[in-house]
Every structure is written in structure tokens, then in C-alpha cells.
Amino acid sequence: MRPATAAAAAATTLIGVGAAAVAAGRYASAAALRAPSRQPLPGDPRLTVHATAPGRVTLTRSLASLRPGLYGIEGPGLHAVVGPVLDGAHPADAVVRRLERVSHGSLEPGTRVRFTPRVHSGDPGHALGLPCRDVTVPGELGGLPAWFVPGARTTWVITVHGLGATREHPMNLIPFLHAQRLPVLDLAYRGDDGAPRPPDGLGHLGDSEWRDLDAAVRYALHHGAQRVVLHGWSTGASMALHAAAHCALRDRISGLVLDSPVLDWESTVRALARARRTPAPLLPLAVRAAQGRTGLHADRLRSTTLPAALRMPTLLFHGPDDVIAPWRPSRELAARNPGMIALHTVRHAPHAAMWNADPARYEEALRRFLIPLM
């Protein structure tokens, strides 16, 4: 082959490889960030129901089924709630947990299920028996559906879910918040069912979604709230940080509750892409493509956690077993702001399931935090 011909062939090959790499990166980033995400997150394996009895269910033995605490289990047309692992002899390949209730569907031997932090199904009226109104929050992309549970106080709590979840997830805390007489606005945001789609069809890990939370703050203040507390899980926690730093009405935000915040978006994109079965060699491409397609930037998120930006009391729940949002940035955030942030470390809990691991301890920490903010 002549030198010129060989050079042309090599250039063509490189262009082809480069185009394939770009396409692979775009595919991997879309797999990680497509909105809404309904697929299971890493660490949530499928389990088999081996047997049921009154107040008991036997499940495949795994790290997931051995987790302490209170969890939902879900499968096609099924949602149930399981409590602690029961004492006594267990089969070698199985574990027996207390069966709290079956919300809907039928829990039969052979059913394939996954653990979920969501322990309620439906809306606060039907699932919890609480007064509840469907409301619409005017957002920049259109109307955002929300549930409003009234309370006597003038400080409202605005709850916002995270990755792989819906506004049913914050319902775990609504009975507790209602008992404190705090009004609750449980928000659905862009990409959720019934809410506007993001223009690019992708989630931005809170980087653009926070503007929907900003709209919810304005809605609350317009409808009687004097101050608000933002309680977010996962990307919802990142949204709360952005709102606290950039919201024009941030002086009316009296506190933040951050559960499993996404503070290192590159690690989270890699984890999500891996969960969608993206081959390991493509994971760096997924991160670069995600940044290029969405404008995600580490410095912009990091700026929301600086002491100059984070000026309100903050309660942070996180733990070392989270494989979606690394725990280290949460520890560093608390260390940089020792007078402003209280970090409650929760072990043996997956992403956004800090309450599930020990509801009583979580709610007591939350109660102590909220008292001066009410």
C-alpha cells in the first residue's frame, strides 16, 4: 500500500473509531440519565419469595434481604412491606422477615421481588388516611403536580424525591411531619409522571431540576407559608442545595434536610451507567458525554456546598453503604461546615434508604432539628 493510501486508510479508521466512541458515550450517558428512571438502582437484586405465613415471608438470602429495618418489596402488580429479620432457624439459602402488610397484589411463593425504600403506595389520602389535596405548582416548563397535606404551622416542609423514585417515596416521612403539625408539599418535578419532560429528555442530577423546587418555594410562600424547610433525597437533596444557594427567596428557607445527596456527579453517572449494564470500558465515555449533553459541571455543584453559599441549618443523613452517591463528599461537606451541618451516619442502608434502616432514630434526629425551625 502506498504511504498516502495507508495514511488515508488510517485516518478513516481513526475517524470511524472516534465516531463510534462518541456514539457509545452518548448511548451510555442516555442509559444513565434518561428521565424518568424507573429501572432498579445498583444493589437491588431480584429475590424470590420462597414461602409466606401470617406475619412472615421467606425470601432469597442476600445482603439486601438481610438489611435491618423497614422496606417495601415490589414486583409486577405487587407492593408489600417487610420489617426486621425474625429470630430462629432459617434455611441456608433463605431469610425470614416479618411481613407488615400487602398494599396491593398477591404475595405468592415463586414471586420475584426487589427491595425498595418506598413503603407506601398511592397518595397520602388513600395510603395514610391524611387530609390531602392535589395541587399544581407553576414551573418554568409547565405545571408540576404535587400533594399538599395541611398543618397548623406556618413553616412548610417541601419534600422532593430522588433517583429511581417518585413522590411516593417522601410519604415515608409524611405521618411524622403531620404529627408535628407541619404542612407538607410533596413535589413531582420535570421528568416525573404528569410533569413536563426535560427538553433533552435527560435528568441533570439536580443541576436544572432545582428550578422546579424554586417554583415550589414560591408556591408555598404565596399560599400561606412564612418559611420553608427543604427535605430532599438523592438528586432531590442536590436540588435543595442549589435552591439554597441560588433561589431569590432563599432567605425564607429556614433549613435543609439532605438524605443521600448526590455531591459527586461523575461517580453517580458511572454507577447509574453500570446499573444499566454499560460495559466498563464505556464508563469514562458516559461521564464525558453526560457533561457535554447536559452541561453538568462539578464546580457548579461544589459551589453550593461552600460555607458562603450554605447559610442555613442543615441535617445530613448518609452512610458508607451507598453505592450510588459516595459517602465521602458528605463527610467532607460536614467537616467544612461544622457549625451549620449535623451529619448522622447511617450504616447498612442503600442509597436514599437512611430512614428505612432505623425509622425511630431518623425521626428523633429530625424532630430535634425541626424544633427551632417551626
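The values are calculated or read from the model by the stated rules, or taken from the named source; none is laboratory data. Predicted model, so just to flag it, every value in this text is computed and none were measured. All Cβ positions, even for glycine, are placed from backbone atoms using ideal geometry, and neighbour counts span all protein chains on display. All accessible areas refer to the heavy atoms of the entire protein, side chains included, with ligands and DNA or RNA removed. Shrake-Rupley method; radii C 1.70, N 1.55, O 1.52, S 1.80 Å.
What to note about this one:
Yes/no per residue for (1) open to solvent by 10 Å² or more (accessible area, probe 1.4 Å); (2) assigned to a strand (DSSP E or B); (3) modelled with pLDDT under 90; (4) in contact with a Pro (Cβ under 6 Å, 6 or more places away or on another chain):
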position	(1), (2), (3), (4)
Gly206	no, no, yes, no
Leu221	yes, no, no, no
Val228	no, yes, no, no
His231	no, yes, no, no
Gly236	no, no, no, no
Ser267	yes, no, yes, yes
Arg277	yes, no, yes, no
Ala286	no, no, yes, no
Ala289	yes, no, yes, no
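- Test for Arg190: is it out of contact with any Ser or Thr (no Cβ under 7 Å at 6 or more places or on another chain), in a loop (DSSP other than H, G, I, E, B) and surrounded by fewer than 22 Cβ atoms within 10 Å (Cβ to Cβ): no
- Checked against (1) surrounded by fewer than 19 Cβ atoms within 10 Å (Cβ to Cβ); (2) at pLDDT 95 or above, Met340 passes all but condition (2).
- Screening Thr235, Thr155 for residues that are over 23 Å from Ala325 (Cβ atoms) and hydroxyl-bearing (Ser, Thr, Tyr) leaves exactly one candidate, Thr155.
- If the condition is being touching a Leu at 6+ places or on another chain (Cβ under 8 Å) and farther than 25 Å from Val81 by Cβ, then the stretch 320-360 contributes Pro326, Pro329, Ser330, Arg331, Leu333, Ala334, Arg336, Asn337, Met340, Ile341, Ala342, Leu343.
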